[in-house]
Structures are given as C-alpha cells and as structure tokens.
1. Restricting attention to segment 70-89, which residues are crowded, with 23+ Cβ neighbours inside 10 Å and not charged (D, E, K, R)?
2. What about Arg40, is it out of contact with any Lys or Arg (no Cβ under 7 Å at 6 or more places or on another chain), surrounded by 10 or more Cβ atoms within 10 Å (Cβ to Cβ) and of a type in the set (D, E, K, R)?
3. Val253 passes all but one of (1) aliphatic (A, V, I, L, M); (2) surrounded by 16 or more Cβ atoms within 10 Å (Cβ to Cβ); (3) farther than 21 Å from His174 by Cα; which number fails?
4. Can you tell me which residue among Ser198, Ser220 is over 18 Å from Gln128 (Cα atoms), free of Cβ contacts under 8 Å to residues at least 40 places away in the same chain and either of a type in the set (Asp, Glu) or surrounded by 22 or more Cβ atoms within 10 Å (Cβ to Cβ) (or both)?
5. Would you please list the contacts, defined by Cβ atoms under 6 Å and residues six or more apart or on different chains, that run from a residue in segment 93-119 that is free of Cβ contacts under 8 Å to residues at least 12 places away in the same chain to a residue that is buried (at least 19 other Cβ atoms within 10 Å of the Cβ) and outside any loop (DSSP other than H, G, I, E, B)?
6. Filter segment 1-41 down to the residues that are closer than 30 Å to Gly124 by Cα, part of a helix (DSSP H, G or I), out of contact with any strand residue (DSSP E or B) (no Cβ under 7 Å at 6 or more places or on another chain) and hydrophobic (A, V, I, L, M, F, W, C) and list them by number.
Amino acid sequence: MPAKPRNTLCVMILLLRVLLLVLVLFIVPLAAHALWWAARDDLAPSWRAADWSSAKLLPEASAEPRAIVAIYAARVGRWRGIFAHHSWIVVKEAGAARYTRFDKVGWGSPVRTNGWVPDGRWFGNAPQPILLLQGEEAARLIPKIRAAVASYPFRNGGEYRAWPGPNSNTFVAHVMREVPELDAPLPPTALGKDWLASWIGWTPSHTGIQVSAGGFFGLSVGWVEGIEVNFLGLVAGVDLRRPALKIPAWGRVGVESVTW
C-alpha cells in the first residue's frame, strides 16, 4: 500500500478511537445522568418555588464560639443540574454572632455577601460539604480568605460566564489557589473550576499542575485533585489520595473527599 493512503488510514483509525473514547468517557455518562435527572419528581419548577432554607449542616453561630471555615457545593437548578454544581464559601470568626457567606453570581452584585443562608439549599438541592475547619486553623485562614475574596479579578459586571467560566466555581477555585491550605478538591461537576486566565498554572491546592484551554479542554494532575481530564466542562478522572472515580455529570464515586 502506498505511504499516503496508509498514513490516511492510520489517522482515520486514530480519530475513530479518540471519538470512541470521548463517547465512552463523557457522552454516555452524561446521557445516563440526564435520563435519571429527568425522571426525578422532586425538582423545583422555578426559582421562586425552590427551597432555599438551611440544610442544618452548621450549628447556630451564637452557639459555636470557635472560628469556622466551610465550603459547600450543590446542584444547580432545572436542566443545568444534570451536569453542574454551584459552590460557595462560609466563614465565621471566633465569637462572631453570624456567619459570612460568599458567592459569585451572574446577576446583581457579582460577588454576593450573605445573599443566602450559610448552609442553604441551592434551588432546592441540598449542599454537599467540601471542607469544614474549626478552631485555631480556621481562625488563622479567615483573614487570608477574606483577602482572596477581595482580590478576585473577575468581580465586575459582565465578567461572569456560566460556561465555561469565569463563574461561581472559578471564584471558589481562585480563593483556594490563594489559600492553598484549603486542601480539598471541588467536585468534578463544579463546572468552571478549571477555567484559567492563562494556559497553565497550579492546581488550587498547589500540589500539582493544571493546563486549560479556556476551560473548554484541560488536564489536571495533583495530589489533592487527582488526575482529571476536562472535555467541554465535563470532567473524568481518578483520585488516588482518597480512592474514587470522577464520572462526568454523576460526580465523585468512592471515598468521600471532605476535609474535616
């Protein structure tokens, strides 16, 4: 066989293998989760009708004298919940009478302070704890967290994009990069966490390297984050530190990653 047709055939076979890999790793899990999501009968029909009340994950601030730092993530509303979580940060100084919650949203004040209850449901979906620190360690990190929130570079109107970012999860990932002691990975379904202003950088924990093509495609390898492949915002990967698979749309399956 002449060299040129042979080379063309090899390229076609390689492309077919790549397409098959994408289908198996990303499209099939997404489709399966979409079917499961559509079959649920507990989805809020609208923003106004959704439950935004406390999930009772945190003690009353007045009853807890210690400092607290918490990060939560919850599925977003309606069809977007098929593949995405929204994440936020909560802090409370020692002796404080209330918590402070920080969210990045696409309407109103771009970085919202105390827009919702600290451990509230998001569009009716219960939050998932990502990190909880108490006492001296939390007290030590709170000033750094507040400084990181203030330094977020995409906090102005018009600088929010739901996909691929910068968005709410990009904001939380920024804070975690600025305060790497918050060494807990965001869920693989935290769409936008892999958006970077540059092509390459540290993972949020500073324990590895992340490469990102505008949040559309990317690769992360880190001790805390594990190995993650990003394809159009969908993430597949594996966690070796706390063994688990990361399945597109479904999220993490295995040992919990919560840092207590």
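1. Ala70, Ile71, Tyr72, Ala73, Gly81, Phe83, Ala84, His85, His86, Ser87, Trp88, Ile89 - these are the residues of segment 70-89 that are crowded, with 23+ Cβ neighbours inside 10 Å and not charged (D, E, K, R).
2. It is false that Arg40 is out of contact with any Lys or Arg (no Cβ under 7 Å at 6 or more places or on another chain), surrounded by 10 or more Cβ atoms within 10 Å (Cβ to Cβ) and of a type in the set (D, E, K, R).
3. (2)
4. Ser220 is the lone residue from the list that is over 18 Å from Gln128 (Cα atoms), free of Cβ contacts under 8 Å to residues at least 40 places away in the same chain and either of a type in the set (Asp, Glu) or surrounded by 22 or more Cβ atoms within 10 Å (Cβ to Cβ) (or both).
5. Arg112/Asp103
6. Ile27, Val28, Ala31, Ala32, Ala34, Leu35, Trp36, Trp37, Ala38
Values in this text are rule-based calculations from the coordinates and carry no lab data. Just so you know, these numbers come straight off a predicted model, no measurement behind them. Every residue, glycine among them, receives a Cβ derived from its backbone with ideal geometry; neighbour counts consider all protein chains shown.
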